[in-house]
Amino acid sequence: MSSYAAAYLDDGRPICWFRNGVDEFFLMLFTEDDWIELSGQAAATFTSYEEEVDDAHLLGFRTTGKVLRDRLDLVGVSRDVVAAELATIANDQREYLELLIHAEYTTVELSSDAKERADYWAALRWETWIADLARGLERGDAVDRFGGRQDPRSASGLMSVWEAHDPRFYLRAVLEALPETATITLNLADVLESGWLAPPTDPQSVARGLAVESSEGLVPPIVLVEGRFDVEVLAAAIRLRRPHLTRYIKLPDFAQRAEGGAGALRQTVRAFAAAAVPNRVLALFDNDAAARDVLRTLPGEGLPSNIQVTCLPELDLAQVYPTIGAQGRRLMDVNGLAVSIELFLGTDVLSDGKDLVPVRWGGYVRSVGAYQGELLDKAGVQERFKRKVEAATSSPEEMRFQDWSALDLLLDHITGMLTRTGRSGRG
């Protein structure tokens, strides 16, 4: 006898089904923190078998649309990727129907029907498709379907285009038509009790165990940085500011690497390219003169498409920043000259109690025609940041009184860059 798992909307409408198990790519979108166990009336809404309310139970995962969208971005199933795939589907359908219209065996009735459907696909656009889906969901349309022809503008008819695709594309399409606060519930009770899955304490490990081999979508993206402190900063920022993404970004800590800086990161990028690492990789350089020197040539070295190179984003704070050099103390724009990750740690950390810690100018980088600079008291800034993290970890409410704006900007930059690389969802 078959067993089923299903994902549900808030009101209990199922959106997709899994028979005798769960797709490992789909399961990877949840973490152990999303685990829920419900029984009785609270569970009855999310079960598909006819049973007494008192007997209803739910074992599975629940999280918000916002969380799932962010995680889907990081595994390559972004809004833009799904929109592009819909355009490809529409074009394929239109070409098939046009061939059918002109086929010798096509009857007048069949040709007329095919032309109507071909015109529909030719006119289809992502924005109108999503708007139609949102209206269907608001009407209470069913989302899933079990055979039979559907009204193409009903929710189930619109969603039928994803039937042969990776279920994450299906989920992403639904999420784009829902508010971010909507929740998705994945009920695994039936497949767990039937022995198709062991009770998962960590769906990440379970999902990887279900995969026969590593493939894109099961391996999280990697972010490479210039130094160990950069790793500490990003790990803390993700844990405190984007906790739902902690398992979806890898930050290798090359503790044995004696050398740091832009040159060392360039060598690491080359090594990853030579080793054909399957993960999507983002190399994050500082925004200073040394990094600009490296970035003059690195992107043109024929890096594989899964490796992207970027630098720290420009900061408003850095546009008028105190500096010390041969001409004394001056306020200057240090973007592209002296911006390391320390400048993203917040004004509460960059201040020594009175003024911002200044940048000190160093050697001249001839290839980019600029001087390289760095913070005068980098060690002190780093120590203050560690205390800031300790305070926020002990009492998350403290973050309301701390300055995390620049690190939030940096995290947005990183996730945005990682989102640009997608994959096809065709099954």
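The values are calculated or read from the model by the stated rules, or taken from the named source; none is laboratory data. Keep in mind the model is a prediction, meaning the values are calculated, not measured. Don't worry about glycine lacking a Cβ; one is built from the backbone with ideal geometry, like all the others, and counts go over all protein chains shown.
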- Query: Do we find that residue 312 is surrounded by 15 or more Cβ atoms within 10 Å (Cβ to Cβ) and either more than 30 Å from residue 274 (Cβ to Cβ) or in contact with a Leu (Cβ under 9 Å, 6 or more places away or on another chain) (or both) in this structure?
  - Reply: yes
- Which of the residues that make up the stretch 361-418 are surrounded by fewer than 19 Cβ atoms within 10 Å (Cβ to Cβ), small (Gly, Ala, Ser) and either touching a Gly at 6+ places or on another chain (Cβ under 8 Å) or free of Cβ contacts under 8 Å to residues at least 12 places away in the same chain (or both)? 362, 363, 369, 370, 379, 391, 394, 395, 405, 416
- Message: Looking at 416, 362, 380 in this structure, which one is within 30 Å of residue 170 (Cβ to Cβ) and among the small types (Gly, Ala, Ser)?
- Response: 416
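Which residue is surrounded by the fewest Cβ atoms within 10 Å (Cβ to Cβ), if the candidates are limited to the stretch 48-77 and must be part of a helix (DSSP H, G or I) and charged (D, E, K, R)?
Filtering first and then ranking leaves 54.
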- Of the conditions (1) polar (S, T, N, Q); (2) within 25 Å of residue 414 (Cβ to Cβ); (3) surrounded by 15 or more Cβ atoms within 10 Å (Cβ to Cβ), residue 323 clears all except one; give me its number. (2)
- Qualifying positions in the stretch 216-253 - surrounded by 20 or more Cβ atoms within 10 Å (Cβ to Cβ), within 14 Å of residue 306 (Cβ to Cβ) and among the β-branched types (Val, Ile, Thr): 223
- Task: Return a yes/no flag: does the stretch 347-364 have any residue that is modelled with pLDDT under 95, in contact with a strand residue (DSSP E or B) (Cβ under 6 Å, 6 or more places away or on another chain) and aliphatic (A, V, I, L, M).
- Result: no
- Message: Within the stretch 347-427, considering only helices (runs of 4 or more DSSP H) that don't extend past its boundaries, which have at least 1 residues that are within 30 Å of residue 166 (Cβ to Cβ)?
- Response: 405-419
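If you take the residues in the stretch 1-47 that are of a type in the set (A, V, I, L, M, F, W, C) and assigned to a loop (DSSP other than H, G, I, E, B), which one is nearest to residue 181 (Cα to Cα)? Walk me through how you get there before you give the answer.
Filtering the stretch 1-47 down to residues of a type in the set (A, V, I, L, M, F, W, C) leaves 1, 5-7, 9, 15-18, 22, 25-30, 35-36, 38, 42-44, 46.
Now restrict to residues that are assigned to a loop (DSSP other than H, G, I, E, B): 1, 9, 22, 28-30, 46.
On the way: 1: 36, 9: 11, 22: 25, 28: 20, 29: 17, 30: 16, 46: 18 Å.
Ranking the candidates gives 9 first.
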- Filter pass, residue 144 being closer than 30 Å to residue 38 by Cβ and in contact with a Cys (Cβ under 7 Å, 6 or more places away or on another chain): yes
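If I ask for residues that are of a type in the set (Lys, Arg), at pLDDT 90 or above and surrounded by 12 or more Cβ atoms within 10 Å (Cβ to Cβ), which ones from the stretch 128-170 would you list?
Answer for the stretch 128-170, where residues must be of a type in the set (Lys, Arg), at pLDDT 90 or above and surrounded by 12 or more Cβ atoms within 10 Å (Cβ to Cβ): 135, 168.
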- Looking only at the stretch 175-209, count how many residues are modelled with pLDDT under 65 and either surrounded by fewer than 16 Cβ atoms within 10 Å (Cβ to Cβ) or among the hydroxyl-bearing types (Ser, Thr, Tyr) (or both). 5
- Message: What pairs come out if I take residues in the stretch 106-123 that are closer than 19 Å to residue 160 by Cα and pair them with residues that are among the polar types (S, T, N, Q) and at pLDDT 80 or above whose C-beta lies under 6 Å away, six or more apart or interchain?
- Response: 121/93
- Message: So residue 289 ticks every box in (1) surrounded by 20 or more Cβ atoms within 10 Å (Cβ to Cβ); (2) over 30 Å from residue 420 (Cα atoms) but one. Which box is left unticked?
- Response: (2)
- Message: Just to verify a result, which residue in the stretch 76-129, among those that are farther than 28 Å from residue 306 by Cα and β-branched (Val, Ile, Thr), is nearest to the chain's Cα centre (by Cα)?
- Response: 128
- Query: In this structure, does residue 273 turn out to be at pLDDT below 90, out of contact with any Lys or Arg (no Cβ under 7 Å at 6 or more places or on another chain) and either surrounded by 14 or more Cβ atoms within 10 Å (Cβ to Cβ) or polar (S, T, N, Q) (or both)?
  - Reply: yes
- Message: Condition (residue is among the β-branched types (Val, Ile, Thr), buried (at least 19 other Cβ atoms within 10 Å of the Cβ) and in a loop (DSSP other than H, G, I, E, B)) applied to the stretch 78-96: is it met by at least one residue?
- Response: no
- Item | Count of residues meeting criterion [under 21 Å from residue 284 (Cβ atoms) and either exposed (fewer than 14 other Cβ atoms within 10 Å of the Cβ) or not acidic (Asp, Glu) (or both)] in the stretch 334-360 | 15
- When the stretch 275-314 is examined, which residues are found to be outside any strand (DSSP E or B), more than 12 Å from residue 224 (Cβ to Cβ), in contact (Cβ under 8 Å) with a residue 24 or more places away in the chain and polar (S, T, N, Q)? 305, 306
